[in-house]
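Rule-based calculations on the coordinates, nothing more; no lab input. Treat the numbers as computed from the prediction; the structure is a model and nothing was measured. Note that we place each Cβ from the backbone using ideal geometry, even for glycine, and neighbour counts take in every protein chain shown.
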């Protein structure tokens, strides 16, 4: 603690639960805990959603893309129910109210190239997820495939794509008086912490439970209290952004022979209203081994191969390096579902996927109910500075100049 902080008289606050992390997972938890009657405070040291949430592609999938090899995986089974849960919330009749969130596309699409393996992947995937995925007529294809030179097949998935910033905003607004922006945590234990808020006030907060939902930041928070478990792993990506002369927005996966789509394209707009394509999938997974220039060249090569009828000459390119934080898995494998672990009244969580935030919240809420954690009821907290919502990466002009 600095001398200046030590000279300040700390303000006292008692709550049932403290959450670290203002991404989708933390905010969904905050909402559900309030519904259950737990007096909860969420702490964030950046803008809301500034971590992994804003770098996500906003895909609320039900496991379809994990069934591309012709069989259901653990990942596809655990996430199967998520689109229905999210759609209910978007309609204002679910466990949280997301009616103010922006739906970028009601559907995702998958397309196959004329190659044999790609055709087989499309066939098997459509059989496994019958009712969730269907082939569509050529006149209903997205604009990027409305060309005679396209000889593949397009499938429509009944799984929406959402604007990540609007999800954060919809979750935060009803709970804003319980969200504090902080500079630092100076003392931290299983039931008490001292923090400096962003305006320099010092707060001593007593609580029954602390929930870590800070993504990559969980490791540092655990280190502060001397906990070595649960261990964290990072699965990095190098995403690609492009803007310029594009036919229209697109939300689609290109089928390949592996579990991951060959490439996943979602779309947004920069602050000037230009259409932006945001590229993930296997391209982004493999891209961590490339330099920025190499990754952009690979993206150009891939798009020219998959969409030779489009002109990508008048295009501006950029890349984003992202670390996805997850519980450590054997041989660094992808976790199959959301995760929580408790030790010394500290619950460490990772949703592992955006779509699994409801699953994580249910698990944590059930654990608190099982332990009969005190519910003080939700009342107004003292006035303090509230965190704002982070911009999406393609809306930050400096990202295009790096």
> Which of the peptides 274-285, 160-171 is most tightly packed, and how do the rest follow, judged by the mean count of other Cβ atoms within 10 Å per residue?
Replying inline: 160-171, 274-285
> Dividing the alpha-carbon radius of gyration of the range 151-258 by 2.2 N^0.38 Å (N being the number of residues), what value is obtained?
Replying inline: 1.62
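Remind me, relative contact order of the chain in percent, using alpha carbon pairs under 8 angstrom and six or more residues apart?
It comes to 25 percent, rounded to a whole number.
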>> Could you work out the relative contact order of the range 190-324? I mean the mean sequence separation of Cα pairs under 8 Å and 6+ apart, divided by the number of residues, in percent.
In response: 27
>> Nearest 5 percent is fine: what portion of the DSSP beta bridges confined to the chain is antiparallel?
In response: 70
> Rounded, prolate or oblate: which one fits the range 318-402, using the alpha carbon gyration tensor with axes a ≥ b ≥ c (rounded when a/c is under 1.5, else prolate when a/b beats b/c, else oblate)?
Replying inline: oblate
> When the Cα atoms of the range 210-316 are enclosed in a convex hull and the volume is divided per residue, what value in Å³ results?
Replying inline: 160
> Between residue 321 and residue 363, 0.36 nm times their residue separation minus their Cα-Cα distance comes to what?
Replying inline: 12.1 nm
> What list do you get for 269, 159 if you sort them by fewest beta carbons within 10 Å?
Replying inline: 269, 159
> For the chain, how big is Rg over Rh, using alpha carbon atoms and the Kirkwood form of Rh?
Replying inline: 0.99
> Going 7 Å from the Cα of residue 46 in the Cα-to-Cβ direction, what parts of the range 303-323 have a backbone nitrogen less than 20 Å from that spot?
Replying inline: 318-323
> What's the extension gain from residue 103 to residue 14 if we count 0.36 nm per residue and subtract their Cα-Cα distance?
Replying inline: 28.3 nm
> Distance from the Cα centre of the range 358-382 to that of the range 146-202, in angstrom?
Replying inline: 19
> Roughly how many nanometres apart are two label points built 7 Å out from the Cα toward the Cβ at residue 147 and residue 248?
Replying inline: 1.5
> Once the Cβ-Cβ distance between residue 309 and residue 84 is put in as r, and R0 is 45 Å, what FRET efficiency do you end up with, to the nearest 0.05?
Replying inline: 0.80
> By how many degrees, between 0 and 90 and to the nearest 10, does the Cα long axis of helix 357-370 differ from the longest principal axis of the chain?
Replying inline: 30
>> Place a point 7 Å from the Cα of residue 95 along the Cα-to-Cβ direction; which residues of the range 337-363 have their backbone N under 14 Å from it?
In response: 338-340, 351, 355-363
>> Can you tell me how the range 181-243 classifies by the Cα gyration tensor, rounded, prolate or oblate, using a/c under 1.5 as the rounded cut?
In response: oblate
> Nearest 0.05, what FRET efficiency do residue 191 and residue 337 give at R0 = 22 Å with Cβ-Cβ as r?
Replying inline: 0.15
>> From the helices alone, meaning DSSP H stretches of at least four residues, give me the mean residue ellipticity at 222 nm for the chain, per-run term -39500 (n - 2.57), in deg cm²/dmol to the nearest 500.
In response: -7000 deg cm²/dmol
> So how tilted is helix 24-36 from the main axis of the chain? Cα-based, degrees 0 to 90, rounded to 10.
Replying inline: 50
>> Please rank 241, 180, fewest neighbouring Cβ atoms within 10 Å first, as an exposure proxy.
In response: 241, 180
